[in-house]
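Remarks on the structure that follows.
The values are calculated or read from the model by the stated rules, or taken from the named source; none is laboratory data. Model, not experiment: these values are computed from the prediction. Every residue, glycine among them, receives a Cβ derived from its backbone with ideal geometry; neighbour counts consider all protein chains shown. Areas reflect the complete protein model, heavy atoms only, side chains present, ligands, DNA and RNA absent. Shrake-Rupley method; radii C 1.70, N 1.55, O 1.52, S 1.80 Å.
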Amino acid sequence: QVQLVESGGGLVQAGGSLRLSCAASGRTFNRYQMGWFRQAPGKEREFVARISWNGAITTYADSVKGRFTISRDNAKNTMYLQMNSLKPEDTAVYYCAADPKIDGNNWHKIDYWGQGTQVTVSS
């Protein structure tokens with residue numbers, strides 16, 4: 001079992017930055033790929049980024065590439081998402097996810113989710 005708790009969301013102006021954190025419980029944190037997804041009102045949940053169990057491999061959605069950086073600290077059971085150059089279209093609830101294999105196209109199959117944290121970017 002893995003429990004995930006996100007933090008760090010908030011309101012920011014366009015061009016600003018936020019850092020999201022995802023704290024995980026459970027001794028098997030470093031066995032899982034971790035990822036971030038987001039869901040805007042009236043839209044499907046979408047993939048943002050994922051990171052391999054040891055942090056060596058990262059993958060990003062085209063919409064955030066070059067602006068967002070995913071990282072993890074297995075010693076602290078924590079994953080991060082540094083978001084720079086934020087745009088109004090980044091406004092969404094951001095969810096932390098854990099799974100042996102994060103598939104960005106099949107979020108329905110992911111084992112563990114956090115409760116979500118709201119990110120609002122004003123223009």
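For the chain, modelled as a GNM with alpha-carbon contacts under 10 angstrom, which of Ile51, Ile102, Ile110 fluctuates the most?
Ile110
Using unit Cβ charges (K, R positive; D, E negative) and no other charged atoms, how large, in debye to the nearest 20, is the dipole of segment 7-119 about its Cα centre?
Here segment 7-119 has a charge dipole of around 240 debye.
For segment 30-43, take each phi angle, set θ = phi - 60°, evaluate the Karplus expression 6.51 cos²θ - 1.76 cosθ + 1.60, and give the result in whole Hz per residue in order, putting x for glycine and proline.
For segment 30-43, the Karplus-derived couplings read 6, 8, 9, 5, 10, x, 10, 10, 9, 9, 8, x, x, 10 Hz, x marking Gly and Pro.
Mind checking which lysines have their C-alpha under 28 Å from Lys87, skipping anything on the same chain fewer than 8 residues away?
Partners found: Lys43, Lys65.
Just the number, please: carbon plus sulfur as a percent of the accessible area of the chain, 1.4 Å probe, no ligands or DNA/RNA counted.
That fraction is 46 percent.
Highest GNM mean-square fluctuation, the chain, Cα pairs closer than 10 Å: which of Arg38, Arg67, Arg50?
Arg67
Using a probe radius of 1.4 Å on heavy atoms only, what accessible surface per residue do you get for the chain? Whole Å² is fine.
I get 53 Å² per residue for the chain.
For labels at Thr69 and Val5 in the simple 7 Å Cα→Cβ model, what's the distance in nm?
It is 2.7 nm.
Rounded if a/c is under 1.5, else prolate if a/b is larger than b/c, else oblate: which is segment 27-101, with a ≥ b ≥ c the root eigenvalues of its Cα gyration tensor?
prolate
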